[in-house]
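Below you'll find the structure I mean.
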Amino acid sequence: MLRPILLLCAALALSPPAHAADASVVTTPQVRAELLAHAPEGVGPGRPLQLGLLLEHQPQWHTYWKNPGDSGLPTTLTWRLPGGWEAGEIQWPTPRKLPVGPLMNYGYDGRILLPVAVDVSTAPPGTSVRIALDAEWLACKEVCIPESGHFVLDLPAKAATAAHGALFAAARAAQPRSLPQAQATARIDDDALVLEVRGLPEAWQARAVDLLPETAGIVLNAAPVQASWTGAQWTARVAIDPQRSDSPPSMSLVLVGAGSSPGVQVTAAVTTPWPALAALPTSAPSASSEAFVRPGADVESGTGLALALALALLGGMLLNLMPCVFPVLSLKVLGFAAHADDRRGLLAGGVAYTVGVVVSFVALAALLLGLRAGGEQLGWGFQLQSPLFVAALALLFTLIGLNLAGAFEIGALLPARWSAVRARHPLLDALLTGVLAVAVASPCTAPFMGAALGAAVTLPTTQALAVFATLGLGMALPYLLASAWPALARALPRPGAWMAHFKVLMAFPMFATVVWLVWVLGQQSGIDGVVALLGTLLALAFVAWALGSPALGARARTGLSTLAIALAVPVLGWAWPALHAEEPDAATTRATAGWEAWSPERVAELSAAGRPVFVDFTAAWCVTCQYNKRTTLADAEVLEAFRAHDVALLRADWTRRDARITAELARLGRSGVPVYALYAAAGAPPRLLAEILRASEVKEALAALDEDTRGPSAALR
């Protein structure tokens, strides 16, 4: 019964977005970017070919190296090349240090070319060959602006392309070089990494050397490096990041001598064991909690996993109270009243529903973990950052609501043999109901499960999947218990006309959810996106009514359905581009009264000036976020307490995908929103408040600011 709706929503959600017009140059107020090529012998097998993205920064703006440092994002290049061609990795020039307050970043300013070597194994069939590139970069000054461009370049296949040879030669000369005589080792000494390097250039000896780690998140980039020369050996001691997430067997580094360029690339094998990784929090503290997780805490006791499993089970049970989940579950449970004596059938249906729920949660979690392992910066709820997914959910809820209200019957839309299959296989119907319940419940999990989910994505894969499976089991547990407990089924009201009225009543929570999703889409795509979605919902509602209304005869249904489809096709064609578009004045860049946009640089700047900072990690699609925003965070006493303590209010809006916010959430041990972090003026680690925020909790945390800045931090990292 649910398969056609699910397939339609999947098709909408997975369709690729449209690209901008073809060009080899993209210009923004911050950066001019151009796709260049260097083929001095023409294009063909065995002939050298280099492509590159030239970035020309406006004064005081910069972009980032492959290890951006404490904040920022590296530039990424995605190529579309002819068959048989393969692009290599970016050949990164030596970056420079970019200090920002207490942070240290690595990147480029001025004019920089990021070259890529291309292996050409097949000759182009025509006189020219088309190269396409999708690039993303983060341009920063006092603020950071994510930018991207779609580039297209046509290369002559026979003639040489060498107009930019000097730029490619300069980029090649700026790359860190390997010295055959250079040898490096590393060892762990307490909380520091000690490097010993021999074979560096003689001109460097007895002079300062900068150390730039190629691997992010291992050492403290901003910590001072204690370095010395003993003859030809350079020794450096650099602090290890207590929140590091890896223990690599070797460290790749770029060393840059004072006044010289480019750098020297060395790889140092780590000859001693790494200390244990730091523990991450497994639950949100109460307002009065003074407990915090210390680096080196015991992470092998299993306590954290057990607590995450318990929270997942409880949170899964609470999901059944969500307005989009409750109608699905309640109608299935009420169906027990008509089959109270079929204990075996009820139990089998309950097990099938449970399997559908658990497998769907595990599959979604596996997708998230797989994408994160592949380098994607994603958190739980990432699916709602896509306007197309939000539109697909609104479509799904609208169709379910219309079906519950009696506007159309799904059975009338399906061939007779499909209906027969459903009648012969009720377990399939129960399993697909579980899949549907997960689809509509996934947006609601992060507010209830932020701590458990944040811990889950930092656990080994098998343990993380166990947390998500337990979340699914908790959601399915009420239905499973009802199907397995005959006394409960017999206690349900007897079938009657009231069940038809209850079914119609359940349509209204679905329509209320659609209203919320339309608002979410408006935050992402603006008023044009809202109008496009409403037009699409209207068109598809007309199609569903014309095809499946039980009040229409066969002849009327045929004529109306033809008309409905004829009207719906142009509406969908008109709406499609608007659903891809971003709102120019998006919520992520707007500041409401008393609040300003979040950035790591802004937090560092305010902390350095001695001001406490309160950060609201939020999203338009997060119901709990919006509840807290309109209650606790709008409370007059809370706002007065913020003013009395001179607290700066920052809002990190995760409505659309934002890799920097995702990374900051991961650093805080969270994987979804809401998250509320209070940073003391002295630069102590942030203190996290509960997801369902209370005014008393905020005021108590503010009252403890003086104590937090005087003594050992009672913060939760």
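The values are calculated or read from the model by the stated rules, or taken from the named source; none is laboratory data. Keep in mind that what you see is a predicted model, and the values were worked out from it rather than measured. Positions of Cβ are generated from backbone atoms using ideal geometry, with glycine treated the same way; all protein chains shown enter the neighbour counts. Note: accessible area is taken over every heavy atom of the protein model, side chains too, but ligands, DNA and RNA are not part of it. Shrake-Rupley method; radii C 1.70, N 1.55, O 1.52, S 1.80 Å.
Would it be correct to say that residue 659 is touching a helix residue (DSSP H, G or I) at 6+ places or on another chain (Cβ under 8 Å) and not hydroxyl-bearing (Ser, Thr, Tyr)?
In short, no.
Additional query: Could you tell me which residue of segment 101-128 is nearest to residue 42 (Cα to Cα), considering only residues that are out of contact with any Gly (no Cβ under 9 Å at 6 or more places or on another chain) and buried (at least 22 other Cβ atoms within 10 Å of the Cβ)?
112
Of (1) β-branched (Val, Ile, Thr); (2) touching an Asp or Glu at 6+ places or on another chain (Cβ under 7 Å); (3) under 23 Å from residue 106 (Cβ atoms), residue 25 satisfies all except one. Which?
(3)
Just to be sure, is residue 241 farther than 16 Å from residue 98 by Cα, of a type in the set (Asp, Glu), open to solvent by less than 60 Å² (accessible area, probe 1.4 Å) and free of Cβ contacts under 8 Å to residues at least 60 places away in the same chain?
yes
Show the residue pairs that are 6+ apart or on different chains and have beta-carbon atoms under 7 Å apart, the first residue being within segment 624-650 and within 15 Å of residue 680 (Cβ to Cβ), the second being assigned to a helix (DSSP H, G or I) and among the small types (Gly, Ala, Ser).
Every condition considered, no pair remains.
Let me ask something additional. In the list 601, 640, which residue meets the criterion of being in contact with a Cys (Cβ under 8 Å, 6 or more places away or on another chain) and in a helix (DSSP H, G or I)?
Residue meeting the stated conditions: 601.
Return the pair list, or none, for Cβ contacts closer than 6 Å from residues in segment 244-257 that are open to solvent by 30 Å² or more (accessible area, probe 1.4 Å) to residues that are part of a loop (DSSP other than H, G, I, E, B) and charged (D, E, K, R), at least 6 apart or on different chains.
Short answer, once both residue conditions are applied: 252/214.
Which one is nearest to residue 194 (Cα to Cα) among residues in segment 258-268 that are over 33 Å from the mean Cα position of the chain (by Cα) and either free of Cβ contacts under 8 Å to residues at least 60 places away in the same chain or open to solvent by 30 Å² or more (accessible area, probe 1.4 Å) (or both)?
That would be 258.
Now for a different question. Of all strands (runs of 3 or more DSSP E) completely enclosed by segment 145-252, which ones contain at least 3 residues that are aliphatic (A, V, I, L, M)?
The qualifying strands (runs of 3 or more DSSP E) are 183-189, 192-198, 209-213, 233-239.
When segment 122-144 is examined, which residues are found to be in a loop (DSSP other than H, G, I, E, B) and modelled with pLDDT of 85 or more?
none
Quickly run through segment 588-624 and pick out the residues that are among the aromatic types (Phe, Trp, Tyr) and at pLDDT 80 or above.
Listed by number, the residues that qualify are 595, 598, 614, 617.
Say we look at segment 196-224 and pick out the residues that are farther than 21 Å from residue 243 by Cβ and of a type in the set (A, V, I, L, M, F, W, C); which of these is surrounded by the fewest Cβ atoms within 10 Å (Cβ to Cβ)?
Looking at the filtered set, the residue picked out is 206.
Being acidic (Asp, Glu) and touching a helix residue (DSSP H, G or I) at 6+ places or on another chain (Cβ under 8 Å) is the filter here; which residues of segment 23-71 pass it?
Residue satisfying the conditions is 70 alone.
Moving on to the next point. List the residue pairs whose Cβ atoms are under 9 Å apart, where the first residue sits in segment 529-542 and is farther than 17 Å from residue 400 by Cβ, the second is polar (S, T, N, Q) and open to solvent by less than 10 Å² (accessible area, probe 1.4 Å), and the two are 6 or more positions apart or on different chains.
From segment 529-542, the pairs are 532/525.
Among 94, 161, which is the only one that is hydroxyl-bearing (Ser, Thr, Tyr) and modelled with pLDDT under 90?
Of the residues listed, the single one that is hydroxyl-bearing (Ser, Thr, Tyr) and modelled with pLDDT under 90 is 161.
Could you tell me whether segment 28-46 includes any residue that is in contact with a Cys (Cβ under 9 Å, 6 or more places away or on another chain) and either over 16 Å from residue 151 (Cβ atoms) or at pLDDT 90 or above (or both)?
yes
Another question, if that's okay. Say we look at segment 69-100 and pick out the residues that are among the hydroxyl-bearing types (Ser, Thr, Tyr) and assigned to a strand (DSSP E or B); which of these is surrounded by the fewest Cβ atoms within 10 Å (Cβ to Cβ)?
That would be 78.
Are any residues in segment 48-64 part of a strand (DSSP E or B) and without any contact (Cβ under 8 Å) to a residue 60 or more places away in the chain, and if so, which ones?
56
Closer than 21 Å to residue 178 by Cβ, outside any loop (DSSP other than H, G, I, E, B) and aliphatic (A, V, I, L, M): does that describe residue 268?
Spelling it out, residue 268 is indeed closer than 21 Å to residue 178 by Cβ, outside any loop (DSSP other than H, G, I, E, B) and aliphatic (A, V, I, L, M).
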